[in-house]
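The values are calculated or read from the model by the stated rules, or taken from the named source; none is laboratory data. These numbers come from a predicted model, not from an experiment. Please note: Cβ atoms are built from the backbone with ideal geometry, for glycine as well, and neighbour counts cover all protein chains shown.
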């Protein structure tokens, strides 16, 4: 059989095909080196809008990079964590073991992100999150970075605003039962009580809760001067509206995650006077070059205005792209590049990562006035560290 | 206490409509159709899709969505379940099939609407009227009235009308009913249509009062089962009373115990009513 | 390839054990039940708490976890021993969800935040993961096969066929209900512990009864055949989900589309199987 000419020809053909396939795998389109990023995001579930928005920002960044780069062909493999920690870990393992991602973007929320850290450490692959904000993540791993400030910044800021600016002496807290809500609750409580305030009641609600009247009835019973909402725009909007229905007269304070046009759609007039911090740094009205470039590119591709979560996803992807362009598609090199990032100008402002992988941004105060989200304070100079 | 009673009445009214629909279908089929709750959710989403996404005015989108979802419900209750029974499938197998149907319909909604929860009501607070120490809006009052009227109507129909007796006859023994001259297919069909219409109507009303999510279907199915079994001695109209009783229990748990125990209350009630009301038929005593 | 296989093993072995537990009920005594995920949650949390919070060794915590699964399975079977058919299915559904809600509510379990740092069973490398998964699976398959071939297994199949007839020949139905519950509880407990150890993280949402779709589908697709058939069906479904994901490239629709296809196929198979069987007692 070995002497058969047809058989030998067939072996050569098959070998050639296999070799071509292998070569084809190593070299991307146009002879560029393929680089794969993984993106484990909450694409479905209770915070699917965040996953969807950040994925658009990531896609936009990769499109631009693929047009501009001569050396690398970037691709991202999206996996859906469903806002679920176990699913996030499984998705992370898949992008690391099957797709061989050199770096990962994710998750949008803190619970799944915290769950992924041990796997990240074991694999020695860097991960950058667009919006996970739990204080627990600070310094949890040298492979973890985030472009969204820790809750400790905005939680402490709002506690200070409540006590020194609005002179509130008692503030009830309604928080969503996840790492994000629990983190904010913890920081707010510690700071507010250290400044002489009291927290008469703290109530956690589940992520799928839609009827907040039983919670608000309990809050109303303790007559707080203020109510601090540590949740997202969907539950925040429902809470504001239902609080007005119940006649709860208190000043409502919230978190950065409440800034979304859909909050106004849900709450309507009930949102008037709602105060919240703005800590992500994305200012749609800014004329900075990076912000303008992002906004124009997004509008041209998606035919609508971008939101802050999209900008955060965009910055995550661009940071990884900048790292690869500088040091190549090597996970260790990317990690070192990110750790040494100083004064990077992104769509969400100027960023630097500290030793804990956290980003420092100025927190400003915003409010809902006449159906619009407006700044109530003067912008502070951005710190570049 | 007023807030508790008000909440009980308002939530009980939605539960009553869906439970009445479930009870009507259950009276004839004897099957726990777990896909029943997803019809309520689908009606809300259909109204959202037609009204908000396609821009069709409410006077058209509301009846269209009710009709569309009623057709799906009719296909399941009036077509699928009787066919499965005639083919010899046991009630537990049909229940498993209905669960699979719920999964399919839920996933279809997730694909079409991307897991977004919807709310069709007005953003502005409607002052409403004071009732039992709580405030009730015109829409909520309409829902309560509709559920009570439907319950009373079906109770009177079941007791005093020919149609009601036909439903009872077909539910007890379709073969004997057929021998006695009852058009079983017509009764099954009309009953299924009524059940589906009630549920779809409840879905549209709910979407104007509270946020709706594709994953709520199972919870509504379980509430309907609990209410139906609780009021089983009074027939389908008993489901209305069972629903209001469940609404009261749920409100007591939410307002007096812990608001996070809503689902716990639902499933605990399920376990209790099944254990209390279910009878083992044709099996020997084992001591 | 090894990485991919070890990843598949980690996501599939836990579900395979759950499918075996379900098959003990469905193919054995003939009951459809939905409480087994709750039982697996109790075992998984006990394993996690004993190792993470109390610092116990993995083998000891594993044994205690499985023992708790046995006890919970037995207790659940006691609660519902007078029920049959759809009533039994509903009651066990209530038990399953009640357990999930209790896990979510109780602070010691970490509540909705869950518990991190759950130790792995063995070394966290592809080959050891494959080996551990294979061993666990073989033990589960072997135990289930032994059960089916035993006298107890034969008696429960008699009960499934004809409960009156089984009683008339002296079968102790209640005793066999308890044994079935205990054995299925052990398998379910092992399933929960393996899944928790594989991800290193555990939260109440992992144990909702609605997560039984895939194990139930595998049990139905096996059509009452050997435990190997059940496990094979489970792996086929898992591979199918992965294949849909690769083909579709969109993770948001791949999951729901896979679920729809699995639900449709399983529904059709269930109808076909039931139509082929002889008419049985109505319970």
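Quick look at the values:
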quantity	calculated
Qualifying residue in region A:312-319 (condition: over 22 Å from the mean Cα position of the chain (by Cα) and either in the same structural domain as residue A:268 (by TED's automatic domain parsing) or on the phi < 0 side of the Ramachandran plot (or both))	no
Residues being surrounded by fewer than 21 Cβ atoms within 10 Å (Cβ to Cβ) and either closer than 21 Å to residue C:43 by Cα or touching a strand residue (DSSP E or B) at 6+ places or on another chain (Cβ under 8 Å) (or both) - total across region C:75-109	9
Within region A:297-315, tally of residues that are within 11 Å of residue A:56 (Cβ to Cβ) and surrounded by fewer than 13 Cβ atoms within 10 Å (Cβ to Cβ)	1
Whichever residue in region A:100-131 is touching a strand residue (DSSP E or B) at 6+ places or on another chain (Cβ under 8 Å) and at the interface with chain C (Cβ under 10 Å from one of its Cβ atoms) and, among such residues, is farthest from residue B:111 (Cα to Cα)	A:118
Selected residue (criterion: farthest from residue C:216 (Cα to Cα)) from residues of region B:110-120 that are facing another protein chain (nearest Cβ under 9 Å) and touching a residue at least 12 places away in the same chain (Cβ under 8 Å)	B:119
Flag for residue C:28 being more than 25 Å from residue C:132 (Cβ to Cβ), more than 14 Å from chain B (Cβ to nearest Cβ) and part of a helix (DSSP H, G or I)	yes
Residue C:213 being closer than 28 Å to residue B:103 by Cα, without any contact (Cβ under 8 Å) to a residue 60 or more places away in the chain, away from chain A (no Cβ under 14 Å) and surrounded by fewer than 23 Cβ atoms within 10 Å (Cβ to Cβ)	yes
Any hit, region B:123-135, residues being surrounded by fewer than 22 Cβ atoms within 10 Å (Cβ to Cβ) and either at pLDDT 90 or above or within 20 Å of the chain's Cα centre (by Cα) (or both)	no
Condition check for residue A:224: buried (at least 21 other Cβ atoms within 10 Å of the Cβ), touching a helix residue (DSSP H, G or I) at 6+ places or on another chain (Cβ under 6 Å) and on the phi < 0 side of the Ramachandran plot	no
Any hit, region A:189-198, residues being in a helix (DSSP H, G or I), within 22 Å of residue A:366 (Cβ to Cβ), out of contact with any strand residue (DSSP E or B) (no Cβ under 7 Å at 6 or more places or on another chain) and more than 12 Å from chain B (Cβ to nearest Cβ)	yes
Residue that is closer than 22 Å to residue C:208 by Cα and more than 14 Å from chain B (Cβ to nearest Cβ), where the choices are C:43, C:57	C:43
Odd one out for residue C:91, checked against (1) within 11 Å of chain B (Cβ to nearest Cβ); (2) not in a helix (DSSP H, G or I)	(2)
Count of residues meeting criterion [assigned to a helix (DSSP H, G or I) and either more than 9 Å from every other protein chain (Cβ to nearest Cβ) or at pLDDT below 80 (or both)] in region C:94-117	9
Any hit, region C:233-242, residues being farther than 19 Å from residue C:17 by Cα, touching a helix residue (DSSP H, G or I) at 6+ places or on another chain (Cβ under 8 Å) and part of a helix (DSSP H, G or I)	yes
Odd one out for residue C:251, checked against (1) within 14 Å of chain A (Cβ to nearest Cβ); (2) farther than 30 Å from residue A:75 by Cα; (3) without any contact (Cβ under 8 Å) to a residue 12 or more places away in the chain	(2)
Members of region B:67-101 that are within 11 Å of chain C (Cβ to nearest Cβ), part of a helix (DSSP H, G or I), under 20 Å from residue C:84 (Cα atoms) and out of contact with any helix residue (DSSP H, G or I) (no Cβ under 6 Å at 6 or more places or on another chain)	B:96, B:98, B:99
Odd one out for residue B:64 among (1) touching a helix residue (DSSP H, G or I) at 6+ places or on another chain (Cβ under 8 Å); (2) in contact (Cβ under 8 Å) with a residue 24 or more places away in the chain	(2)
Candidates A:304, A:366, A:293, filtered to the one that is assigned to a strand (DSSP E or B) and within 21 Å of the chain's Cα centre (by Cα)	A:366
Flag for residue C:5 being away from every other protein chain (no Cβ under 14 Å), in contact with a helix residue (DSSP H, G or I) (Cβ under 8 Å, 6 or more places away or on another chain), in contact (Cβ under 8 Å) with a residue 24 or more places away in the chain and in a helix (DSSP H, G or I)	no
Where a residue in region B:216-238 is closer than 12 Å to residue B:36 by Cβ and its partner, wherever it lies, is surrounded by fewer than 24 Cβ atoms within 10 Å (Cβ to Cβ) and at pLDDT 90 or above, with Cβ under 6 Å and at least six apart	B:217/B:102
Residue within region A:163-186 that is facing another protein chain (nearest Cβ under 10 Å), farther than 21 Å from residue A:51 by Cα and in a loop (DSSP other than H, G, I, E, B) present	no
Where residue B:104 falls short, out of the listed (1) more than 8 Å from chain C (Cβ to nearest Cβ); (2) free of Cβ contacts under 8 Å to residues at least 40 places away in the same chain; (3) in a helix (DSSP H, G or I)	(1)
Qualifying helices (runs of 4 or more DSSP H) (wholly inside region B:180-287; at least 1 residues being at pLDDT 90 or above, more than 14 Å from chain C (Cβ to nearest Cβ) and out of contact with any helix residue (DSSP H, G or I) (no Cβ under 7 Å at 6 or more places or on another chain))	B:184-207
Residue satisfying all of: in region C:118-146; within 14 Å of chain A (Cβ to nearest Cβ) and assigned to a helix (DSSP H, G or I); nearest to residue A:124 (Cα to Cα) among these	C:126
